[in-house]
Amino acid sequence: MWGLRPEFTDRQYFVTHVFIPDSIILVLILILESIRKWKPMYSELSIVFASHIYAILIITNLSEEYPVKPLIMLSPLLVSMIYLKSSYMKISSAICLIYIVMLFIGTPSYEYTLRIQHVIIALIFAATALAGFGVICRGKDLMRSLEESVKSEQDLRIQNIIMDRLSKIDPLTDLYNHKTFHEYLGWLIEHQQSNPFPMQLAVLDIDNFKKVNDQYGHWVGDIVLKQVAAMVLKHIGTDDFAARYGGEEFVVILTAKPLNEANEIMERILTGIAGMPVAEMEGSSVTVSIGMHEFSVTDSKSFTFQQADDALYEAKKTGKNKIVLL
């Protein structure tokens with residue numbers, strides 16, 4: 001086989017077939033890494049382009065003794081398949097076609113065996129390209145199915161979140177509803193058994209609310225409910241809980257604060273509501289009565305709520321627009 005090879009000194013061989021090709025490969029890798037880091041949008045295209053340079057580099061450095069070396073041009077076709085883009089496959093197929101034409105042109109007409117080999121290689125290129133287009137087409141279908149599946153799952157999650165919110169939130173005031181209040185109060189009382197902390201329950205009721213509905217209409221009553229809810233949310237903390245219990249009645253659970261601080265918060269809510277003019281009521285305002293109870297570890301959920309409700313009744317009975325603590 002040595003008779004088919006040109007004579008090289010060790011230095012010539014090292015420079016021509018080791019140093020120069022490896023240096024080009026190193027430069028290619030550095031360029032590709034730079035593009036990936038600084039211009040990621042061109043990363044795919046640059047890798048496809050570099051695969052052609054790499055294949056040509058290997059082919060030009062292989063001896064003519066290896067007639068199957070043109071098959072190395074399959075590597076760019078395979079790289080083009082990875083990205084599932086038909087444009088890359090078309091470019092790679094066109095370059096392979098140009099390469100095989102150049103092989104035919106450069107092969108003497110009397111080299112029938114070599115020409116037959118080139119025909120076989122061309123057929124292999126064509127079969128690989130067709131398989132690549134098929135893979136890309138199927139891959140795109142799978143990607144579309146996956147995207148539709150992910151979108152359906154996201155839509156379902158969003159719907160579940162909306163439904164969960166609707167089941168817990170009062171649609172008029174955006175406060176929690178009656179059901180959620182009882183669940184949360186029960187959970188807090190259970191939690192008190194292992195980790196006691198200060199907790200107060202307040203029940204608020206808008207004074208003379210029926211008169212507001214009768215005099216101004218229910219739509220104005222809805223506005224009043226919204227404004228009262230907004231005032232409650234304005235003054236309570238992130239650790240506190242507010243809900244619309246029903247009708248014109250609200251509940252507030254204050255946690256992790258002493259009784260005097262909880263009472264100050266409810267006082268601010270009381271005075272804030274009383275000093276809040278309602279434009280739809282000709283600038284008049286409404287007042288609320290508040291009943292409060294501080295929870296102790298021996299209290300049950302029903303007892304806690306009953307005490308706060310009794311305190312509310314006392315506030316209503318003794319003049320309204322006030323806070324009563326039981």
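Observations, loosely collected:
- Modelled label positions at Ala274 and Ile29, each set 7 Å beyond Cα in the direction of Cβ, lie 8.0 nm from each other.
- In summary, the lysines within cross-link reach of Lys301, defined as a Cα separation below 17 angstrom excluding same-chain residues under 8 places away, comprise Lys179.
- Cα-Cα over 30 Å, subset of Lys226/Lys322; Lys39/Lys69; Lys226/Lys316: Lys39/Lys69
- For the chain, accessible area per residue (1.4 Å probe, heavy atoms of protein chains only), Å²: 60 Å²
- Projecting the Cα atoms of Thr113, Gln306, Leu77 onto the charge dipole of the chain, computed from C-beta unit charges around the Cα centre, puts Thr113 farthest toward the positive end.
- Ligands, DNA and RNA left out, the 1.4 Å accessible surface of the stretch 92-208 is 65% carbon and sulfur atoms.
- For the stretch 82-172: lysine pairs under 24 Å (alpha-carbon distance), excluding those fewer than 8 apart on one chain: 4
- Between helix 259-274 and the chain: long-axis angle, C-alpha atoms, 0 to 90°, nearest 10: 80 degrees
- Report summary: the helix-based calculation at 222 nm, which adds -39500 (n - 2.57) for every DSSP H run with n ≥ 4 and divides by the residues of the chain, gives -21500 deg cm²/dmol.
- Nitroxide proxy distance, nm - points 7 Å out along Cα→Cβ at Asn321 and Tyr42: 7.5 nm
- Loop-resident sites, the stretch 73-111, for chymotrypsin sites (Phe, Trp or Tyr not before Pro), counting at most 10 other Cβ within 10 Å (DSSP): Tyr110
The values are calculated or read from the model by the stated rules, or taken from the named source; none is laboratory data. Note that the coordinates shown come from a computational prediction; the quantities given were computed from them, not determined experimentally. All Cβ positions, glycine included, derive from the backbone under ideal geometry; neighbour counts span all protein chains shown. Accessible surface areas use protein heavy atoms only, side chains included; no ligands, DNA or RNA. Shrake-Rupley method; radii C 1.70, N 1.55, O 1.52, S 1.80 Å.
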